[in-house]
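Sending over a structure as structure tokens; questions will come in a sec.
The values are calculated or read from the model by the stated rules, or taken from the named source; none is laboratory data. Computed from a predicted structure; not experimentally measured. For neighbour counting, all protein chains shown are included, and Cβ atoms are generated from backbone atoms with ideal geometry for every residue, glycine included. The protein model used for the area step is the full one, side chains on, heavy atoms only, and it has no ligands, DNA or RNA in it. Shrake-Rupley method; radii C 1.70, N 1.55, O 1.52, S 1.80 Å.
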Amino acid sequence: MANIQQISITHLSFTYQHDTNTVLHDINVSAPLNSIIGIIGNHNAGKTTLCRVLAGIIPNMMGGDLLGDVHIGNLSPTKDWSVLNRQTDFVLQDPNSQLSGLADTVADEIAFDLLNHGVDETTIQRRVADVAAQMQLTAQLQQSPSSLSGGQLQRLAIATAIVTKPGILILDDPTSEMDPQGRADFFNWLATIKDTTIFIVSNEIDDLCEIADRLWVLVDGELVRKGTSLEVINQLNPEWQIGTPKVYQLAKLMYWSLGADLFPVNINQLRGCVHDQHSN
Amino acid sequence: MTSIQIDGLKYQYPTSDFKLAIDQLTITENLVAIAGQNGAGKSTLFKLLTGLVHPQAGEIHINHRDLASLTPEDRLKTIGIVFQDPSSQLFNATVEKEVAWSVLQVETDAAVVADTVNDALATVGLTELKDKNPFDLSMPEKKLLSIATVLAVNPQIYLFDEPMISLDWPSQQLVTHLMQHLAEEKHQVIAITHDMNWLAATFAKVDVLADGQVIFEGKPETFFGDSALTQKTGLMTPRIMQIAQEVFDDSRVYLTPEDYFEKHSEKR
Amino acid sequence: MEIRDNSLSNIAKIRWYNLIDPVTKLLVALFLTMLSFVFTNLYFEVSLVLISFVLLLLSRLSSATINAVYFCLFLIVTMILIQGLFYSGNVHPLFSIMNITFYREGALYAVTMSARILIIIFAIGFFMSTTTISENAKYLEAIGLPYKLVYLLMSVCYILPQIQQNMKKIQFAERARGINPQKTVAQKVRSILPILIPLIIKTFDQSINRSITLQLRGFDSPERTLATPKYHYVRARFNHYLLSFLTIFLIGCKLWQIFSRFL
Ligand SMILES: Nc1ncnc2c1ncn2[C@@H]1O[C@H](COP(=O)(O)OP(=O)(O)OP(=O)(O)O)[C@@H](O)[C@H]1O
Ligand SMILES: [Mg+2]
């Protein structure tokens with residue numbers, strides 16, 4: 001029986017239809033609900049595919065050979081998709097694909113999800129205004145989504161997902177085109193929201209190490225490392241060619257270790273470790 | 001030596017309030033970064049530099065020739081652009097044809113075309129995917145492919161609009177080395193980026209845009225050293241400077257962890 | 001509708017055609033078409049063509065409509081030629097050039113047909129260029145169509161504009177990457193042919209992605225709130241009844257014309 005407080009993936013394997021190579025290989029992992037899970041890995045490692053499985057796009061809308069079992073709390077994306085989908089929002093890697101195509105303005109595009117959730121008009125007004133302000137799109141509310149700059153479009157994609165305050169948020173590389181301040185604000189905001197399970201694929205390893213409770217590392221469809229960012233980053237195999245956070249690079253250069261060849265990966269850990277060295 | 005000279009440039013889209021206005025901007029360095037907030041007008045500037053949209057006022061001179069007076073062939077060999085959104089740059093049936101289409105604009109000899117295509121694909125590491133449909137590629141692969149289409153023409157000036165988007169670490173290294181190599185070979189390479197760490201580590205010159213205007217031209221060290229300016233333009237300092245600030249209350253300029261290491265090991 | 005619609009007037013001024021609801025526009029198109037089928041008098045047809053043409057001119061002309069009109073003109077010219085020469089009822093010669101005789105009956109027949117085609121194209125063009133996808137979708141939903149059906153209708157109706165938008169993007173890319181010697185028609189055709197299949201694949205791909213996105217975003221959820229239509233339409237219900245009545249009446253007339261021949 002599935003544990004209500006856990007995300008659990010057991011023996012998950014997947015091969016796309018009309019394709020021979022397995023994209024995900026026997027993945028086994030679990031994590032507590034309402035935590036932030038960072039998913040990292042190189043091209044074609046299977047990050048987007050894993051997101052699709054978690055969101056139930058696979059197998060509900062995309063076919064293939066799916067083995068194993070996935071549970072988010074007591075719901076399974078395979079069996080309870082429509083219930084799960086109502087609590088889940090997904091930011092796709094390509095913001096262009098996120099648009100409904102049925103809205104003439106940015107404001108309408110953001111309101112679309114709220115309409116679908118049966119929210120009343122006054123609440124819609126308020127939520128749209130709030131989220132637009134949060135994502136700095138207020139000046140663009142009346143513009144057509146197709147005339148936005150790349151980064152603005154990405155902000156819109158995020159806005160459409162977070163506007164409904166979902167319980168599960170799946171983010172596939174959501175900040176790749178955002179400016180530094182916008183990216184920092186977004187990651188800081190992610191760290192503050194409660195009662196939400198967040199899966200986030202990103203190349204922003206520095207930000208992930210600051211906010212993620214868990215990191216999962218995918219290499220060629222296999223989950224090769226899982227754990228806290230401290231454990232995972234310290235155990236990366238150089239052959240995987242995965243970038244490391246600047247804190248870790250600096251600590252290694254300066255040899256500021258937490259003992260036992262363990263180097264800090266975020267600012268807090270670095271602070272602690274430098275403090276210890278001084279007191280010694 | 002290539003040069004770009006912009007005078008009294010004004011541009012506005014018919015359907016938005018945004019205004020781009022650049023009084024004067026000269027770019028002569030080989031490796032230049034352009035930074036600025038979302039919607040600051042960076043991509044618009046690139047479209048103007050390639051003649052894809054026409055300014056309402058002002059002039060652009062490339063190598064002392066008016067951009068508007070260049071023949072299409074000349075323009076193609078002078079300046080090439082990699083779009084921010086790779087999907088809108090690609091329109092052929094296979095990866096190989098995609099690159100060949102570009103080469104065929106400037107070259108007719110079939111053997112030369114085939115060689116150039118193979119070289120370009122090999123450079124970005126897409127040789128194995130050459131028979132795939134570009135629309136089936138992943139985002140980063142599309143980005144690499146659109147880079148290959150410009151490499152194949154080999155213009156004097158390369159414009160890269162956010163080349164690092166969604167690239168993984170090895171591909172980022174590849175593209176960085178490629179750009180450095182091009183710059184060494186006397187090409188001019190101009191890249192838009194939001195990655196301050198990469199900017200600090202790779203570029204010696206940066207132009208910063210805010211609300212359609214050029215706010216800063218010069219060395220990244222100077223820019224990052226002026227915290228009021230960095231704030232005002234909505235950008236941030238490189239991660240290493242944030243670390244130094246937050247952990248050691250040290251607000252000096254560092255570009256990379258290595259830079260920090262060197263500056264601090266001298267003292268010991 | 002504060003943030004979402006009030007400031008709309010800053011962006012797009014409300015034009016007269018925004019006061020007419022999409023269904024009325026569609027009914028007008030249908031009505032004009034039926035008129036042209038029931039009354040075959042040539043002068044009447046020509047005036048109908050003029051009326052629909054004026055409608056089109058008063059709206060926002062899009063390049064899509066202009067292209068469609070060009071294409072039809074091309075069809076019409078060939079049709080007039082062929083019918084003028086080979087129509088089965090040809091009796092009275094109109095003129096002849098070098099032993100080739102051009103007949104009156106064929107020409108007349110073809111002209112009537114072309115008038116009808118033009119009326120349809122102009123009226124549909126008026127509809128397409130004055131309503132956006134979202135306006136249509138909202139209105140249809142507001143008058144009680146299930147959203148799923150609305151979406152299906154919209155994706156079918158707007159596949160052509162979608163293709164056209166992609167085409168524009170590709171042409172933009174071609175301008176960025178190529179030298180574009182597209183001056184003659186032959187060069188234009190040659191530049192379009194190789195991208196035709198990728199274009200269709202791309203559009204198809206987008207529709208699949210779109211349908212996934214819409215499902216993820218919960219568009220078919222049962223608790224959906226009705227969208228409020230974008231404009232306040234004038235006498236929508238009255239127009240519908242009137243136009244439906246007139247159109248049905250005309251259909252009746254046409255059927256009567258057909259049957260009475262057999263009586
Ligand atoms: N085709 C268009 N029509 C109307 N407005 C546009 C169009 N393209 C861009 N804009 C507007 O012009 C402004 C500048 O856009 P631009 O694409 O140059 O920004 P950018 O600096 O490249 O931003 P980003 O970092 O997000 O890519 C934005 O406010 C945008 O909304
Ligand atoms: Mg841009």
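In the range A:146-161, which residue that is of a type outside the set (A, V, I, L, M, F, W, C) and more than 14 Å from ligand 2 (Cβ to nearest atom) is most open to solvent (accessible area, probe 1.4 Å)?
A:146
Please state which one of C:238, C:204, C:219 is in contact (Cβ under 8 Å) with a residue 60 or more places away in the chain and within 30 Å of residue A:103 (Cβ to Cβ).
Checking each option against the conditions leaves just C:219.
Moving on to the next point. For the range A:60-98, how many residues are charged (D, E, K, R) and more than 26 Å from residue A:20 (Cα to Cα)?
So the count comes out to 3.
In the range B:41-52, which residues are among the small types (Gly, Ala, Ser) and near ligand 2 (Cβ under 8 Å from one of its atoms)?
B:43, the sole residue that qualifies.
Turning to a different aspect of this structure: Taking the range B:168-195, which residues are within 12 Å of chain A (Cβ to nearest Cβ) and away from ligand 2 (no atom under 16 Å from the Cβ)?
B:168, B:169, B:170, B:171, B:172, B:173, B:174
With facing another protein chain (nearest Cβ under 10 Å) and within 16 Å of ligand 2 (Cβ to nearest atom) as the only criterion, which of B:38, B:92 stands out?
B:38
Being β-branched (Val, Ile, Thr) and open to solvent by less than 10 Å² (accessible area, probe 1.4 Å) is true for just one of A:205, A:170. Which residue is that? Walk me through it before giving the result.
Numbers: A:205 fails: open to solvent by less than 10 Å² (accessible area, probe 1.4 Å).
Of the residues listed, the single one that is β-branched (Val, Ile, Thr) and open to solvent by less than 10 Å² (accessible area, probe 1.4 Å) is A:170.
Looking at residue A:143, is it under 30 Å from residue B:45 (Cβ atoms), touching a Lys or Arg at 6+ places or on another chain (Cβ under 8 Å) and within 14 Å of chain B (Cβ to nearest Cβ)?
It is false that residue A:143 is under 30 Å from residue B:45 (Cβ atoms), touching a Lys or Arg at 6+ places or on another chain (Cβ under 8 Å) and within 14 Å of chain B (Cβ to nearest Cβ).
Could you please find all residues in the range B:5-18 being surrounded by 14 or more Cβ atoms within 10 Å (Cβ to Cβ) and within 16 Å of ligand 2 (Cβ to nearest atom)?
If the condition is that a residue be surrounded by 14 or more Cβ atoms within 10 Å (Cβ to Cβ) and within 16 Å of ligand 2 (Cβ to nearest atom), then B:11, B:16, B:18 are the ones that fit.
Let me ask another. Considering only residues that are within 11 Å of chain C (Cβ to nearest Cβ) and polar (S, T, N, Q), look in the range B:53-89 and name the one that is nearest to ligand 1 (Cβ to nearest atom).
My answer is B:88.
Moving to a separate point now. Scan the range C:143-151 and give yes if some residue there is over 29 Å from residue A:108 (Cβ atoms) and either away from chain A (no Cβ under 14 Å) or in a loop (DSSP other than H, G, I, E, B) (or both), otherwise no.
No; the residues of the range C:143-151 include none that is over 29 Å from residue A:108 (Cβ atoms) and either away from chain A (no Cβ under 14 Å) or in a loop (DSSP other than H, G, I, E, B) (or both).
Sticking with this one: Only one of these is at pLDDT below 95 and not assigned by TED's automatic domain parsing to the domain that holds residue A:35: A:271, A:225. Name it.
Unique residue meeting the criteria: A:271.
Of the residues that sit in the range C:204-236 and are assigned to a helix (DSSP H, G or I) and β-branched (Val, Ile, Thr), which one is farthest from the other protein chains (Cβ to nearest Cβ)? I'd like the intermediate steps shown before the answer.
From the range C:204-236, those assigned to a helix (DSSP H, G or I) are C:204-216, C:236; that's our starting set.
Next cut, β-branched (Val, Ile, Thr) only: C:208, C:212-213.
Numbers: C:208: 9, C:212: 5, C:213: 6 Å.
Applying the filter and picking the extreme gives C:208.
Another question, if that's okay. Kindly indicate whether any position in the range B:202-212 is surrounded by fewer than 23 Cβ atoms within 10 Å (Cβ to Cβ) and on the phi > 0 side of the Ramachandran plot.
So far as the range B:202-212 goes, yes, one or more of its residues are surrounded by fewer than 23 Cβ atoms within 10 Å (Cβ to Cβ) and on the phi > 0 side of the Ramachandran plot.
Being part of a helix (DSSP H, G or I), more than 11 Å from chain B (Cβ to nearest Cβ) and out of contact with any Ser or Thr (no Cβ under 9 Å at 6 or more places or on another chain) is true for just one of A:156, A:208, A:230. Which residue is that?
A:230
Now a separate question. Need pairs with beta-carbon distance below 9 Å; first residue on the phi > 0 side of the Ramachandran plot and within the range B:33-47, second in a helix (DSSP H, G or I) and within 8 Å of ligand 2 (Cβ to nearest atom); sequence gap 6+ or separate chains.
Taking only residues 6 or more apart or on different chains, the pairs are B:36/B:42; B:39/A:151.
Residues being open to solvent by less than 10 Å² (accessible area, probe 1.4 Å), within 26 Å of residue A:244 (Cβ to Cβ) and part of a helix (DSSP H, G or I): count how many of those fall in the range B:145-189.
Counting residues in the range B:145-189 that are open to solvent by less than 10 Å² (accessible area, probe 1.4 Å), within 26 Å of residue A:244 (Cβ to Cβ) and part of a helix (DSSP H, G or I) gives 3.
OK, next. Please state which one of A:258, A:218 is farther than 25 Å from residue B:174 by Cα and either open to solvent by 20 Å² or more (accessible area, probe 1.4 Å) or hydrophobic (A, V, I, L, M, F, W, C) (or both).
Values: A:218 fails: farther than 25 Å from residue B:174 by Cα.
Result of the check over A:258, A:218: A:258.
Name the single residue that is farthest from the other protein chains (Cβ to nearest Cβ) among those in the range C:108-131 being polar (S, T, N, Q) and crowded, with 20+ Cβ neighbours inside 10 Å.
Looking at residues that are polar (S, T, N, Q) and crowded, with 20+ Cβ neighbours inside 10 Å, I get C:114.
Which condition breaks for residue A:113 when tested against (1) away from ligand 2 (no atom under 16 Å from the Cβ); (2) farther than 25 Å from residue A:49 by Cβ; (3) buried (at least 24 other Cβ atoms within 10 Å of the Cβ)?
Among (1) away from ligand 2 (no atom under 16 Å from the Cβ); (2) farther than 25 Å from residue A:49 by Cβ; (3) buried (at least 24 other Cβ atoms within 10 Å of the Cβ), residue A:113 violates only (2).
Taking the criterion of being open to solvent by 10 Å² or more (accessible area, probe 1.4 Å), facing another protein chain (nearest Cβ under 7 Å) and closer than 25 Å to residue A:25 by Cα, would at least one residue in the range A:96-109 satisfy it?
no
Moving on to the next point. Can you tell me which residue among C:148, C:230, C:138 is farther than 30 Å from residue C:51 by Cβ and either modelled with pLDDT of 80 or more or not polar (S, T, N, Q) (or both)?
C:148
So if I check each of C:179, C:192, C:201, C:197, which one is open to solvent by 30 Å² or more (accessible area, probe 1.4 Å), within 13 Å of chain B (Cβ to nearest Cβ) and not in a helix (DSSP H, G or I)?
C:179
Filter the range B:211-221 down to residues that are in contact with a helix residue (DSSP H, G or I) (Cβ under 7 Å, 6 or more places away or on another chain) and either among the β-branched types (Val, Ile, Thr) or touching a residue at least 40 places away in the same chain (Cβ under 8 Å) (or both), then give me how many there are.
Counting residues in the range B:211-221 that are in contact with a helix residue (DSSP H, G or I) (Cβ under 7 Å, 6 or more places away or on another chain) and either among the β-branched types (Val, Ile, Thr) or touching a residue at least 40 places away in the same chain (Cβ under 8 Å) (or both) gives 1.
Let me ask something else. Taking the criterion of being among the hydrophobic types (A, V, I, L, M, F, W, C), within 16 Å of ligand 2 (Cβ to nearest atom) and either surrounded by fewer than 17 Cβ atoms within 10 Å (Cβ to Cβ) or modelled with pLDDT under 95 (or both), would at least one residue in the range B:57-79 satisfy it?
no
How many residues are in a helix (DSSP H, G or I) and either away from ligand 2 (no atom under 16 Å from the Cβ) or away from chain A (no Cβ under 11 Å) (or both) when one looks only at the range B:119-141?
14
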